[in-house]
1. Mind jotting down a quarter of the surface of the convex hull over the alpha carbons of the range 20-174, in square nanometres, one decimal?
2. Report the accessible area of Leu49, computed with a 1.4 Å probe over the heavy atoms of all protein chains in place, in Å² rounded to the nearest 10.
3. Counting only protein heavy atoms and using a 1.4 Å probe, what share of the accessible area of the chain belongs to carbon plus sulfur, as a whole percent?
4. Helix 158-167: angle to the longest alpha-carbon principal axis of the chain, degrees 0 to 90, nearest 10?
5. Sorted by accessible area with a 1.4 angstrom probe, largest first, how do Lys94, Lys205 fall?
6. Taking only Cα atoms, what is the 0 to 90° angle, nearest 10, from helix 90-115's long axis to the longest principal axis of the chain?
7. Compute the acute angle (0 to 90°) between the alpha-carbon long axis of helix 270-293 and the principal axis of greatest extent of the alpha-carbon atoms of the chain; round to the nearest 10°.
8. Accessible area per residue, 1.4 Å probe, Å², for the chain: what's the number?
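The values are calculated or read from the model by the stated rules, or taken from the named source; none is laboratory data. As the structure is a prediction and not an experimental result, all values here were calculated from the model. In case anyone asks, the SASA skips ligands and DNA or RNA and just uses the protein heavy atoms, side chains included. Shrake-Rupley method; radii C 1.70, N 1.55, O 1.52, S 1.80 Å.
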Amino acid sequence: MASISARSAWWLAIRPATLTASAAPVLVGAGAAWADGRFALGPVLAALLGASLLQVGANFANDVFDFERGADSADRLGPQRATQQGWVTAAQMKRAMWLAFAGAMLVGLYLTWVAGWPVLALGLLSIAAAYLYTGGPKPYGYLGLGDISVFVFFGPGAVAGTYYVQALAVSPLALLASVPIGALATAILVVNNLRDIETDARAGKNTLAVRLGDRATRSYYLGLLAVAYLVPLALWWRGLSGGWALLPWLSLPLAVQLARRMRHERGLALNGCLVRTARLEVVFGLLFAIGLAW
């Protein structure tokens, strides 16, 4: 077991590459608000901070609860987990998890003051979803329900939520713009679960990938990419946004490269696909936000 510094251990536990999943929906929600003349910088920055803290808390929860349930074993193919490696104790990780969630709640209190009780309700649901994904008596991530949760909370929840704290309402544009971001966030989870099919199955973690099997999971991933690129086209086609909404199509070469790799890569090679899928989401989200706001 390799020894590393405490700072490095916590940095790995934060999993900074996954924070794109929390940043992209905030960018798109801000872009949609700008398009409608409702942009407000303070709430956007608060939403970004709150979403990042929720993501960190979820990462800490997954780190410790997957270890305690045996899903993170010595033959794990993914990036090293701090609790499993013994760099951080389970008690320390749980304290850090609750600190991250508490920080998110403090940000949520400000946003509740700005936009009212719906924000508080969304924040509490988000914390519950982050915790219960791998924690609690019956974690829903072990039942194959993680994908729908990621889509809902990183798509409509985060995009429309960001729009709401600025406009105090939710527009059809914000809801539709949330679909590709939710799809790409789900695609990140799909790569992770595809890589871990064998170890998850042995640990009784019946993710959707375990239930679908290798081949169908790869097709599912390609379908999520297709949805992400078709929605901006539909927005432009139906006149809900201008031609600049097609700006995310500039990232299509990245998606094509990923689609080709996801057809055959396995095991450790999927870690590269995981990082590149997260990168695709933030590039797509940034281009989409600019396109909506233009």
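1. Details: hull surface 37.0 nm².
Seen from a random direction, the Cα hull of the range 20-174 projects 9.3 nm² on average.
2. Ignoring ligands and nucleic acids, Leu49 comes out at about 90 Å².
3. On the way: 9100 of 13250 Å².
Roughly 69 percent, rounded to a whole number.
4. 40 degrees
5. On the way: Lys94 65, Lys205 15 Å².
I get Lys94, Lys205, largest accessible area first.
6. Approximately 10 degrees, to the nearest ten.
7. 20 degrees
8. Details: 13250 Å² over 294 residues.
Here the residues of the chain average 45 Å² of exposed surface.
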